[in-house]
Amino acid sequence: MRFQYPVVVVVAVLAAIGLIAWYVVSSRRRHGGWRRHLPQTLFLTAAGLLLLAVGRPEATLPVANSAGTVVLAFDVSNSMKADDVKPSRLAAATAAATEFVESQPGTVSFGIVAFDQGALTTQQPTDDHAATTAAIKRLKVNGGTSLGQAILASLTVIVGHPVNLPGEGQAAPDLGYWGNATIVLLSDGEDTGGPDAVAAAGLAAKAGVRIETVGVGTVEGATVEVDGYQVATSLDEDLLTQIAQTTAGGYHRAENAEALHDVYQHLDLRLTTQHKPVELTGAAAAIAVLLLTLGGVLMTTWFGRIL
């Protein structure tokens, strides 16, 4: 513990010693058991705390804080046009994501990846949440779906250099450890092209990156028009669950806009513990007031007046 005004503390200690000496001398002239001394002891302790509070005490304590990097990877394939989640899968996902970003503290940095059969980083991680929400609102549907590319592109954003699956017989790349990073993968789960999504999730797990998958759509599915053809599309929960479990993350089903909103509010972001100086003046003053109140109650109850 330290004090912002140590000189005041020295004066407070001397004053407290003086009060104690005065009480010891004055109590010799009185008779009575512990009841007579307890309220005065409480008053003296409270006075000492108030004097110390004037010195502005503070201590360095561990404080839990939402921090780190979150990469929001949005499936923008044609199947995300389906309206089994109103007004459409992508529209509902982006609307809930915008609200989620705006609710996070400035210590959380967001990156945005849009993916169809390939993947494109639309924003590097930044704590500018207004820029993040603007990037989310620009997303448009197009093409097929590659969950593997989405994961590799998200890892590229996190580690700062291109990440690819190793070739046959090659060792997995060492990406370092990124335990404060989370990938939120939003998709209907219909994977229409490589690379292997579960193998890509394995790279993430090795780097300490957790993937939270959000299934946008319904198991019953819907029909969308692609290049003049009617194409049936439905939620593939098995693959999304496998990807999440590979990294010790969780799968979340979002069959409607309200459920999608709830998913965002309960995503398990990483918590970091930071040691920060915390001022204890308020706590000391509050304890002093409590002791004064207790002493006053005891004096009134036992002796009918405050001495």
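The values are calculated or read from the model by the stated rules, or taken from the named source; none is laboratory data. This one's a predicted model, so the numbers in the text were calculated from it and none came from an experiment. Cβ sites come from the backbone with ideal geometry, for glycine too, and all protein chains shown count toward neighbours.
Quick notes
- Filtered residues of segment 105-137 (kept if assigned to a loop (DSSP other than H, G, I, E, B) and either out of contact with any strand residue (DSSP E or B) (no Cβ under 7 Å at 6 or more places or on another chain) or under 18 Å from Ser79 (Cβ atoms) (or both)): Gly106, Asp116, Gln117, Gly118, Asp128
- For beta carbons closer than 9 Å, sequence separation of 6+ or different chains, a first residue in segment 240-252 that is free of Cβ contacts under 8 Å to residues at least 12 places away in the same chain and part of a helix (DSSP H, G or I) and a second that is surrounded by fewer than 23 Cβ atoms within 10 Å (Cβ to Cβ) and not charged (D, E, K, R), the qualifying pairs are Gln245/Tyr251.
- Residue list for segment 138-156, filter: touching a residue at least 60 places away in the same chain (Cβ under 8 Å) and crowded, with 23+ Cβ neighbours inside 10 Å: Thr145, Leu147, Ala150, Ile151, Ala153, Ser154
- Picking from residues in segment 157-188 that are touching a residue at least 12 places away in the same chain (Cβ under 8 Å) and polar (S, T, N, Q), the one that is surrounded by the fewest Cβ atoms within 10 Å (Cβ to Cβ) is Asn164.
- Subset of segment 228-250 [surrounded by fewer than 16 Cβ atoms within 10 Å (Cβ to Cβ) and under 8 Å from Ile211 (Cα atoms)]: Ala248
- Set Leu165, Leu155, Leu175: member being in a helix (DSSP H, G or I) and among the hydrophobic types (A, V, I, L, M, F, W, C): Leu155
- When residues in segment 208-224 are screened for being assigned to a loop (DSSP other than H, G, I, E, B), surrounded by fewer than 21 Cβ atoms within 10 Å (Cβ to Cβ) and aliphatic (A, V, I, L, M), 1 of them pass.
- Residue satisfying condition, being closer than 23 Å to Val219 by Cα and without any contact (Cβ under 8 Å) to a residue 60 or more places away in the chain, within set Asp84, Asp116, Asp75: Asp116
- Flag if Val8 is of a type outside the set (Lys, Arg) and either at pLDDT 75 or above or on the phi > 0 side of the Ramachandran plot (or both): no
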